[in-house]
Amino acid sequence: LQAYERRFPTCPLIPMFVASDTVSEYKSEDEAIHVIERRCKLDIDAPRLLKKIAGVDYVYFVQKNSLNRRERTLHIEAYNETFSNRVIINEHCSYTVHPDNEDWTCFEQSASLDIKSFFGFESTVEKIAMKQYTSNIKKGKEIIEYYLKQLEEEGITFVPRWTPPVACKSESSTSHPRRPVSPAINIPESATKEGLNNKEILNSSSSPSEPTAGTPDDKLDADYIKRYLGDLTPMQESCLIRLRKWLQETHKGKIPKDEHILRFLRARDFNIDKAREILCQSLTWRKQHQVDYILDTWNPPQVLQDYYAGGWHHHDKDGRPLYVLRLGQMDTKGLVRALGEEALLRYVLSINEEGLRRCEENTKVFGRPISSWTCLVDLEGLNMRHLWRPGVKALLRIIEVVEANYPETLGRLLILRAPRVFPVLWTLVSPFIDDNTRKKFLIYAGNDYQGPGGLLDYIDKEIIPDFLGGECMCEVPEGGLVPKSLYRTAEELENEDIKLWTETIYQSASVFKGAPHEVLIQIVDASSVITWDFDVCKGDIVFNIFHSKRAPQPPKKDSLGAHSITSPGGNNVQLIDKVWQLGRDYSMVESPLICKEGESVQGSHVTRWPGFYILQWKFHSMPACATTNLPRVDDVLASLQVSSHKCKVMYYTEVIGSEDFRGSMTSLESSHSGFSQLSAATTSSSQSHSSSMISR
């Protein structure tokens with residue numbers, strides 16, 4: 001272990017291993033258990049074109065090492081953080097004592113790879129992953145021997161075995177019952193992933209059959225609370241543990257960190273049911289719009305960089321990141337006309353994501369929990385131009401989205417130099433702002449911010465921006481009028497919204513009750529493979545595959561597609577004529593597949609006959625949810641849905657020859673593949689072969 005630990009924070013023998021940071025660390029009182037989690041930065045040897053398409057230069061992996069000195073075991077688990085919604089990589093290594101000779105060490109290693117989709121480069125990614133993994137196996141022994149030799153040169157040739165301290169022998173104490181430690185590999189991955197202290201999952205137990213996962217009765221470490229979460233009452237601490245445990249048991253996606261869960265609890269005064277409701281909605285929203293990757297994959301248009309008068313500027317006296325917005329100097333009408341609401345909304349989301357990142361950084365710098373930021377809004381120049389109705393509408397939509405998904409992130413809002421027109425604007429927007437948020441507003445008219453109780457109470461004199469009379473140069477753009485030559489027509493903005501929505505090879509479609517969306521695929525050679533990959537962005541749908549010997553009529557755009565489409569770019573095409581009869585004019589080649597809102601579906605169908613195949617997404621009514629004491633995420637979301645007869649899907653289809661199937665669509669092969677485990681939704685018939693994989 002001492003040789004292995006020398007690989008960190010970086011290893012010159014592994015060129016692609018650029019750096020690593022410790023995310024969390026836990027040591028038991030008797031030092032028998034040591035769990036450390038690191039975030040590793042890797043420079044993968046991949047084609048430059050692929051990196052450019054993916055939009056990243058480095059990839060990040062999370063590695064958790066669990067050492068149990070009592071059992072003499074070391075378990076290492078690693079998984080990818082980058083592109084985890086497209087590629088799933090898991091690796092497990094274990095060092096154990098040989099059963100026949102306790103002076104020998106046994107080493108075992110296994111890994112799994114599941115490529116759901118990757119911009120059409122699935123085969124390339126598979127080859128790169130296999131190449132890197134093979135290379136790591138070959139160098140593993142060489143690296144450990146290098147550091148063993150290094151230890152020997154330093155005179156370290158023997159490390160004594162762990163022995164329990166005398167104080168640990170009283171394990172039968174009734175006031176502090178202890179349980180023997182379970183093997184470190186049984187530690188729930190999601191617990192350390194979120195930076196928790198592992199006392200709640202690494203208990204000493206008297207029976208191996210007792211659960212190792214944390215329970216609502218567990219307590220968080222006091223140092224961890226003080227360092228990362230702030231003051232919590234026992235009731236608040238219990239609410240956090242219970243909500244996090246519920247997410248670990250029911251939510252299939254990425255589990256947010258404790259700090260973020262705590263924001264939703266505080267926003268609802270620690271009412272678990274209400275906090276769970278808004279948190280579930282937010283997690284689904286983040287997945288559907290891929291908000292977790294917005295900072296790495298989206299670059300703001302030049303118009304925003306030049307005319308959006310806002311930016312980050314040091315921090316306030318409490319260590320909170322400080323965001324400066326010169327709203328009075330900003331041409332909101334020009335920005336909306338040049339960019340549309342979608343681009344403005346996405347830019348504000350990127351600002352909020354950057355704010356979350358800066359809060360984490362400041363927490364490390366100042367050594368105390370910082371979970372919110374301060375916003376300074378300068379209204380000098382605000383006039384009736386800012387009350388342009390479409391601009392106000394865009395502002396209200398942005399406020400609504402931010403309030404729903406970033407609760408308790410605004411620590412303080414300083415509004416300076418408020419003009420006479422401000423009460424009109426405040427009357428329009430204040431109803432959309434949460435009561436707790438409104439309490440954080442401090443409004444100064446004229447130059448009142450320069451007097452007692454003003455800006456100096458919250459911001460150090462050295463960093464007050466120059467345009468407010470300070471000495472610090474502020475690099476926030478000055479704004480100004482957006483040239484009308486940059487304005488877009490409504491049609492151009494709609495097309496731009498489509499681009500911002502997809503940004504991939506995927507297409508968007510709307511599905512209505514009584515008006516399914518259908519895609520025609522013509523097959524010339526039998527035994528071809530039709531593959532698909534789609535996300536259900538809104539509502540529940542039924543996915544069908546039909547075959548017909550004759551071609552349908554040219555597709556017609558359904559008139560419903562022009563009504564009430566809130567998602568940009570959704571079209572609706574129907575191919576199956578209403579006079580066609582199932583079984584006579586066309587046939588169903590696979591059983592219907594019900595797909596729920598938020599699910600990602602990948603699958604394939606090996607055709608048996610040439611002809612015309614129709615992929616159909618059809619509206620599906622949500623069944624009533626059963627009432628339970630502890631509902632699943634799906635049940636909570638289902639109960640929140642308003643009555644609607646519209647669904648939205650984003651899809652990609654491809655036809656490949658059967659001889660190329662195994663090499664290019666590994667993740668969609670049958671369960672015999674070593675890198676894929678299909679879900680229970682896999683269907684098959686005597687006439688053809690099909691596989692589908694669903695993930696939430």
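Here the peptides 454-464, 94-104, 510-520 are ranked by packing, the mean other Cβ count within 10 Å, and the order with the highest first is 510-520, 454-464, 94-104. Between Arg6 and Asp30, the FRET efficiency estimated from the beta carbon spacing at R0 = 25 angstrom works out to 0.50. Close amide H contacts of Thr73 (hydrogens built in the peptide plane, cut-off under 5 Å, sequence separation of 5 or more or a different chain): Asn68. How high is the FRET efficiency from Leu151 to Asp525, r the C-beta distance, R0 56 Å, rounded to 0.05? Approximately 0.35, to the nearest 0.05. Each peptide in 284-291, 471-478, 578-585 was scored by the mean count of other Cβ atoms within 10 Å over its residues; highest first, the order is 284-291, 471-478, 578-585. Computed extension gain for Phe158 through Asp435, at 0.36 nm per residue and net of the alpha carbon distance, reaches 93.4 nm. Accessible surface computed residue by residue for the range 220-333, with neighbouring protein chains in place and a 1.4 Å probe, gives 44 Å² per residue. Between Leu295 and Asp43, the FRET efficiency from the beta-carbon distance, with R0 = 25 Å, is close to 0.85.
Let a ≥ b ≥ c be the square roots of the eigenvalues of the Cα gyration tensor of the range 21-144; is it rounded (a/c under 1.5), or, if not, prolate (a/b larger than b/c) or oblate? Since a/c reaches 1.5 and a/b is larger than b/c, the shape of the range 21-144 is classed as prolate. Rolling a 1.4 Å probe over the protein heavy atoms gives the range 1-154 an accessible area of 55 Å² per residue.
Across the accessible surface of the range 9-133, with the other protein chains kept in place and a 1.4 Å probe, carbon and sulfur atoms take up 52 percent. For the range 107-153, what class follows from the C-alpha gyration tensor (a ≥ b ≥ c being the square roots of its eigenvalues): rounded when a/c is under 1.5, otherwise prolate if a/b is larger than b/c, else oblate? Prolate, because a/c is 1.5 or more and a/b exceeds b/c. Peptides 273-281, 38-46 ordered by packing proxy, namely the average of other Cβ atoms within 10 Å per residue, highest first: 273-281, 38-46. Shape class of the range 292-485 from the alpha-carbon gyration tensor: rounded, with the ratio a/c of largest to smallest axis under 1.5.
The values are calculated or read from the model by the stated rules, or taken from the named source; none is laboratory data. Owing to the predicted nature of the structure, the values given are computational and were not obtained by experimental measurement. Virtual Cβ from ideal backbone geometry, glycine too; neighbours counted across all protein chains shown. The accessibility values were calculated without ligands, DNA or RNA, using every heavy atom of the protein model including side chains. Shrake-Rupley method; radii C 1.70, N 1.55, O 1.52, S 1.80 Å.
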